[in-house]
Amino acid sequence: MAISPDGSLIATGLDDGVVRLWEVKNGNLHYSLRGHTKAILGVAFSTDGLTLASASEDYTIKQWQVSDGSLIRTLSGFEDGVASVAFSPDGKWLAGGSYDFSIRMWKANEKGAPRLMNVKNAFVSALKFSPDSKLLATVSNNWKDVLYTVTLWQVFNNKEIRTFRGFKERINDIAFSHDGILLATVSGSEIDVTGDMDRSVKIWQVSDGKIIRSLEAQNQPLSAVLFTNDDSAIISSSIGSSTDGTLKVWDAKDGTLLTTLPGSESGITSLAISSDGKLLVSAARDGRLQLWGESTQIVR
C-alpha cells in the first residue's frame, strides 16, 4: 500500500493480481490496473507521483502511468516472486527485492539492463532508499537457518557497506528517518520457530550500525514501521492471530509510548503517511483501509 505524493490517491494490491488506485477524498475506486498474473506483494509511487510500480509473485515489476492507468513497461529477470519495490527519492532508480535472493535496480526513466546485487541464501523481503538516495537498505530473511539481517548498499557502486544483525525473528519492515540519521526495523513471526521471540521496534544509527534502543511493543509480531514527517515520532503496527492489530506511536527521542490506536481485528499489514504528514493510512489483512487525519479517523 502506498500514498501518492500529493495525498490524493492510495494504491493497493491483493492476491487477485490487480492494483487498485483509490481516491482519498471520497473513497471511490479511481483505476484498476490489470496485467499481473499472481498476487501483488508491493507498490510504490515515484517521487513526482507520475508513475506507480507494482511487485508481484509472477516474477515481475510493472511500471504504470498514474494519469490514465496505462502500462509503461514490465521489468523481468527475477527467478522467483518479487516481494518489494521502491523508487529512490531523487527519482533516478527503481529497485526490487525478490525471493530469488537478489536485488535488481533499474534507471527509473530509461531503458537498459538492471544492476544486480545478490544476497546469501535469504529472501529479500523489504527495501528502502535513504532520503538522499545514496543508500539502499534491504531486508534478508532466512527462515531455515534462522538468519535475519538488514544490509546497507551504496547506490552508486552497488557496494555492501554495513550489516545490521541481532534479530531473533523475521524482519518485516524498515524505515529511514527523514534526516537519514536513523533506521527503524520491526520484526516478529506469527509462528514462533525459535522459542525466542523478537517482537520489537529497533532503532539503529545509520552511520555505524549501532542499536540505539529497542522498543518492546507487545507479544505479537510487528508488521510495519515509519517515522512521522518531522521525525518526532515512530509509528508501528501489529498483526497476529491471537490479538487485534493495533498502531502504536512512540517518541523518537526517548522511546516513550505516546498512544495506542485501534487497528483491525484481522491485523495491520502496512502503513503509509502523506508527504505533508496530515494523513496516515493503515491497511488491514481483510483488505480494509483506515485513514487517520490530524483529528479524526475515517474507516473505509
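The values are calculated or read from the model by the stated rules, or taken from the named source; none is laboratory data. The structure displayed is predicted, hence computed values, not measured ones. All Cβ positions, even for glycine, are placed from backbone atoms using ideal geometry, and neighbour counts span all protein chains on display.
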**Report entry** Flag if Thr60 is surrounded by fewer than 18 Cβ atoms within 10 Å (Cβ to Cβ) and either at pLDDT below 95 or touching a strand residue (DSSP E or B) at 6+ places or on another chain (Cβ under 7 Å) (or both)
**Finding:** no
Report summary line: Matching residues in region 83-110 (under 15 Å from the mean Cα position of the chain (by Cα) and within 22 Å of Ile3 (Cα to Cα)) number 11
Query raised in the report: Given the conditions (1) under 30 Å from Lys278 (Cα atoms); (2) among the charged types (D, E, K, R); (3) touching a Lys or Arg at 6+ places or on another chain (Cβ under 9 Å); (4) without any contact (Cβ under 8 Å) to a residue 24 or more places away in the chain, which single one is not true for Arg20?
Result: (3)
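Residue-by-condition table, conditions (1) surrounded by fewer than 22 Cβ atoms within 10 Å (Cβ to Cβ); (2) free of Cβ contacts under 8 Å to residues at least 40 places away in the same chain:
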| position | (1), (2) |
| --- | --- |
| Ser88 | no, no |
| Asp132 | yes, no |
| Val139 | no, no |
| Phe167 | yes, yes |
Query raised in the report: Take the residues of region 67-82 that are under 20 Å from the mean Cα position of the chain (by Cα) and within 18 Å of Leu33 (Cα to Cα): which is surrounded by the most Cβ atoms within 10 Å (Cβ to Cβ)?
Result: Val82
**Report entry** Output for region 46-89, where each listed residue is of a type in the set (Gly, Ala, Ser) and over 18 Å from Thr138 (Cβ atoms)
**Finding:** Ser46, Gly49, Ser54, Ser56, Ser67, Gly69, Ser70, Ser76
**Report entry** Selection from region 176-193 of residues that are surrounded by fewer than 22 Cβ atoms within 10 Å (Cβ to Cβ) and either modelled with pLDDT of 95 or more or over 24 Å from Gly245 (Cβ atoms) (or both)
**Finding:** Ser177, His178, Asp179, Gly180, Ile181, Leu182
Report task. Return a yes/no flag: does region 50-60 have any residue that is touching a residue at least 24 places away in the same chain (Cβ under 8 Å), of a type outside the set (S, T, N, Q) and over 16 Å from Gly13 (Cα atoms). Result -> no
Query - Residues located in region 32-43, provided they are in contact (Cβ under 8 Å) with a residue 24 or more places away in the chain, surrounded by fewer than 21 Cβ atoms within 10 Å (Cβ to Cβ) and not basic (Lys, Arg) - result: Ser32, Gly35, Ala39
Query raised in the report: So which of Ala113, Ala122 ends up being more than 16 Å from the chain's Cα centre (by Cα), at pLDDT below 95 and within 21 Å of Ala224 (Cα to Cα)?
Result: Ala122
Requested in this report: Please enumerate the residues belonging to region 3-46 that are at pLDDT below 95 and either touching a Pro at 6+ places or on another chain (Cβ under 6 Å) or basic (Lys, Arg) (or both).
Outcome: Lys25
**Report entry** Single residue of Ala95, Ala108, Ala122 found to be closer than 21 Å to Leu52 by Cβ and surrounded by fewer than 22 Cβ atoms within 10 Å (Cβ to Cβ)
**Finding:** Ala108
Query - Of the criteria (1) touching an Asp or Glu at 6+ places or on another chain (Cβ under 9 Å); (2) at pLDDT 95 or above, which one Phe101 fails - result: (2)
Query raised in the report: Regarding Glu79, is this residue over 30 Å from His178 (Cβ atoms) and touching a residue at least 24 places away in the same chain (Cβ under 8 Å)?
Result: no
